[in-house]
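Participant: This is the structure I want to talk about, given as structure tokens.
Just so it is clear, none of the values below were taken in a lab; they were calculated from the coordinates. Just so you know, these numbers come straight off a predicted model, no measurement behind them. Counting neighbours? That spans all protein chains shown, and the Cβs are built from the backbone with ideal geometry, glycine included.
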Amino acid sequence: MDTSKKPVELGFSMPAEWEKHSAVWLSWPHDTTSFPHLKEAEESFVEFIKEISTSEKVELQVLNEVMLDHVTDLLEEKGVDMERVTFHPANYADIWFRDYGPIFVTNQKTKELAMAKWTFNAWGNKYKILLKDNEIPYAMNAGMKLPMFEAGIVMEGGSIEVNGKGTLMTTEQCLLNKNRNPNLSREEIEKYLSDYLGVRHFIWLKEGIEGDDTDGHIDDIARFVNPTTVLCAYDEDTASPNHAILKENFEILENATDQDGTKLTVIKLPMPGKISAHKTPLPASYTNFYIGNTKVLVPIFGTENDAKALEIIQSVFPDRKVVGIDATYLVYGFGTFHCMTQQQPEV
């Protein structure tokens, strides 16, 4: 395959997350700086794998044999079917696979799978120690041997959201940030996204939530749940620093259309509110859910809005089981389930 051509020229595009997966990719948590309560973070991770492994296979990165043995013990203890989990020894720094891993693109006519590789600069060069995660897609592909298309611009998977029909959502705060691609205009960035992900219509929201070190990733504020419906984080508390930001994003979505000019259905999803275990603002959001083949796994935080959020999410996924998993200690690392996953589509 001629990977000097753009993916879109060869018929590739990024499927929506609710389309069929063959697997989900993850990296096991280990850094006590990111996760001061590492044991509790691991417990959330185990619970996630237990639930998702019945829905799709798990491709799990571990640092070494010691970690592999430790993780195997934890998973077996929880009754996980180990035939559903494949381990990949890898030299990774952090668990936020969606941001440094490849985005899988597919050609539905030829039934081919490929990787779109972006440059990961640790969210605007904020964390030098994490820059090595930019190499992970190359290490993965040493084994997978897929066609790899290298965009050559800085972009993280958590900053974009697609409906699989040609529309992409993102935020100005992130993709137009001078710490990403300072020499590219909005139109030039849109051209890269069109060429590498097969999209043609763009919805630009403004800012992300308080405490988000990624500069406003979309997966903490708005998610497509079908081609014309968006769940949008909304904070009714007018005293909250998130209130005005999320209200503006909601209004933009209410006036937005899909690639065919169809108005979107926009549904408000509450924010978790104050989490007792957290002294400082952390980017806890129910929109950071992962859509698996048969289940939707939702981060919950032990607040009164948990039940309401799960009810709303279940209402838009009638054919999938919605499962809430405590992510209180995972979000210390500034992300939860969507941030830590990357789906591998089935072709």
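Participant: For region 239-339, what does the relative contact order come out to in percent, with C-alpha contacts under 8 Å and a separation of six or more?
Facilitator: Values: 130 pairs, mean separation 25.4, N = 101.
Relative contact order, region 239-339: 25 percent.
Participant: Suppose the chain between Thr72 and Leu131 were pulled fully straight at 0.36 nm per residue; how much longer would it get relative to their current alpha carbon spacing?
Facilitator: Details: separation 59, 0.36 × 59 = 21.24 nm, distance 2.78 nm.
Difference between extended and current length: 18.5 nm.
Participant: Mind listing the long-range amide H neighbours of Ile203? Cut-off is under 5 Å, sequence gap 5 or more, other chains count too, H placed in the peptide plane at 1.01 Å from N.
Facilitator: Placed amide hydrogens put Leu168, Met169, Thr170 under 5 Å from Ile203.
Participant: Mind ranking 25-36, 52-63 by how tightly packed they are, going by the mean number of other C-beta atoms within 10 angstrom, highest first?
Facilitator: 52-63, 25-36
Participant: Determine the dipole magnitude for region 227-347: charges of +1 sit on the beta-carbon of Lys and Arg, -1 on that of Asp and Glu, nothing else is charged, the reference point is the Cα centre, and the result goes in debye to the nearest 20.
Facilitator: Values: 9 positive and 14 negative charges, 63 e Å.
Here the size comes out at about 300 debye.
Participant: So which GluC sites (Glu not before Pro) in region 229-315 pass both tests, a DSSP loop state and at most 14 other Cβ atoms within 10 Å of the Cβ?
Facilitator: On the way: sites: Glu236, Glu248, Glu251, Glu254, Glu304, Glu311; in loops: Glu236, Glu304.
Those that pass, being in a loop and sparsely packed, are Glu236, Glu304.
Participant: Additional query: Using Cα positions and a limit of under 13 Å, work out the aspartates and glutamates in reach of Lys178, with same-chain residues fewer than 8 apart set aside.
Facilitator: Correct list for Lys178: Asp215.
Participant: Going 7 Å from the Cα of Val347 along its beta-carbon direction, which residues of region 87-120 have the amide nitrogen within less than 16 Å of the resulting point?
Facilitator: Residues 102-117 qualify, since their backbone N sits under 16 Å from the label point.
Participant: Contact order normalised by length for region 18-146, with contacts defined as Cα pairs under 8 Å and 6 or more residues apart; what percent is it? Let's see the in-between values first.
Facilitator: On the way: 158 pairs, mean separation 28.3, N = 129.
That works out to 22 percent.
Participant: Evaluate the charge dipole of the chain about its Cα centre and quote only its size in Debye, nearest 20, assuming +1 on the Cβ of each Lys and Arg and -1 on the Cβ of each Asp and Glu. Please list the in-between numbers first.
Facilitator: Working: 33 positive and 53 negative charges, 154 e Å.
In debye, rounded to 20, the chain gives about 740.
Participant: Check which residues have an amide H placed less than 5 Å from Val24's amide H, if you skip close sequence neighbours.
Facilitator: Excluding prolines and chain starts, which carry no amide H, the hits are Lys57, Val58, Glu59, Gln344.
Participant: Hey, another quick one. Out of (1) 5, 27, 38, 25, 6, 0; (2) 5, 23, 33, 26, 10, 2, 0; (3) 5, 19, 21, 15, 12, 11, 9, 5, 2, 1, 0, which label holds the value of P(r) over Cα pairs in 10 Å bins from 0, in percent that was computed here?
Facilitator: (1)
Participant: How much net charge surrounds Asn121 when only the other residues with a Cβ under 14 Å from the Cβ of Asn121 are counted, with Lys and Arg +1 and Asp and Glu -1? Don't skip to the answer; put the middle values down first.
Facilitator: Values: positive: Lys117, Lys126, Lys128, Lys132, Lys178, Arg180; negative: Asp94, Asp99, Asp133, Glu135, Glu156, Asp213, Asp215.
Around Asn121, the surrounding residues sum to -1.
Participant: Based on the Cβ-Cβ distance from Asn179 to Gln259, what FRET efficiency comes out when R0 is 25 Å, to the nearest 0.05? Display every interim value, and only then the final one.
Facilitator: On the way: r = 29 Å, r/R0 = 1.18.
After rounding to 0.05, the efficiency reads 0.25.
Participant: Between Met271 and residues 5 or more places away or on another chain, which pairs have amide H atoms under 5 Å apart, with H built 1.01 Å from N, and which residues are they?
Facilitator: Answer set, sorted by chain and number: Tyr234, Glu236.
Participant: For a quick protection proxy, order the peptides 2-8, 224-230 by their average other-Cβ count within 10 Å, most packed first. Numbers along the way, then the final one.
Facilitator: On the way: 2-8: 14.4, 224-230: 19.6.
Final packing ranking: 224-230, 2-8.
Participant: Among the listed pairs Lys57/Lys128; Lys263/Lys295; Lys165/Lys308; Lys117/Lys145; Lys39/Lys268, which are separated by more than 22 Å between their Cα atoms? Display every interim value, and only then the final one.
Facilitator: Details: Lys57/Lys128 32 Å; Lys263/Lys295 27 Å; Lys165/Lys308 29 Å; Lys117/Lys145 13 Å; Lys39/Lys268 33 Å.
Pairs exceeding 22 Å: Lys57/Lys128; Lys263/Lys295; Lys165/Lys308; Lys39/Lys268.
Participant: Would you mind checking the pairs Lys111/Lys321; Lys20/Lys111; Lys6/Lys206; Lys206/Lys279 and listing those with alpha carbons more than 21 angstrom apart?
Facilitator: Listed pairs above 21 Å: Lys111/Lys321; Lys6/Lys206; Lys206/Lys279.
Participant: Another question, if that's okay. What are the ³J(HN,Hα) values, in whole Hz, obtained from phi via the Karplus relation 6.51 cos²θ - 1.76 cosθ + 1.60 with θ = phi - 60°, for each residue of region 146-156 in sequence order, with x given for Gly and Pro?
Facilitator: Working through the residues one at a time gives 9, x, 10, 9, 9, 6, x, 10, 6, 6, 10 Hz.
Participant: Still on this structure, I have one more. Distance in nm between label sites at Ser22 and Thr110, each 7 Å beyond Cα in the beta-carbon direction?
Facilitator: With each label point 7 Å from Cα toward Cβ, the separation is 1.5 nm.
Participant: Percent relative contact order of the chain, based on C-alpha pairs within less than 8 angstrom and at least six residues apart?
Facilitator: Working: 737 pairs, mean separation 75.4, N = 347.
Averaging sequence separation for qualifying contacts and normalising by length gives 22 percent for the chain.
Participant: Can you compute the FRET efficiency between His37 and Thr229 using 1/(1 + (r/R0)^6), with r the Cβ-Cβ distance and R0 = 41 Å? Round to the nearest 0.05. If you can, show how the numbers build up before the last one.
Facilitator: Working: r = 35 Å, r/R0 = 0.86.
That gives a FRET efficiency of 0.70.
Participant: Looking only at Leu269, Leu131, Leu168, which one moves most when the chain is put into a Gaussian network model with springs between Cα atoms under 10 Å?
Facilitator: The residue with the greatest mean-square fluctuation here is Leu131.
Participant: Order of Cys232, Cys339 from fewest to most other C-beta atoms within 10 Å? Mind showing how you got there, number by number?
Facilitator: Values: Cys232 22, Cys339 28.
Lowest to highest Cβ neighbour count: Cys232, Cys339.
Participant: When a/c is below 1.5 the answer is rounded, else prolate if a/b is larger than b/c, else oblate, so apply that to region 155-266 with a ≥ b ≥ c taken from the square roots of the Cα gyration tensor eigenvalues. Before the final figure, lay out the partial values.
Facilitator: On the way: a/c = 2.06, a/b = 1.15, b/c = 1.79.
Here region 155-266 falls in the oblate category.
Participant: Find which of Thr336, Tyr100, Leu197 sits farthest along the positive direction of the dipole of the chain, computed with +1 on the beta-carbon of Lys and Arg, -1 on that of Asp and Glu, about the Cα centre.
Facilitator: Leu197
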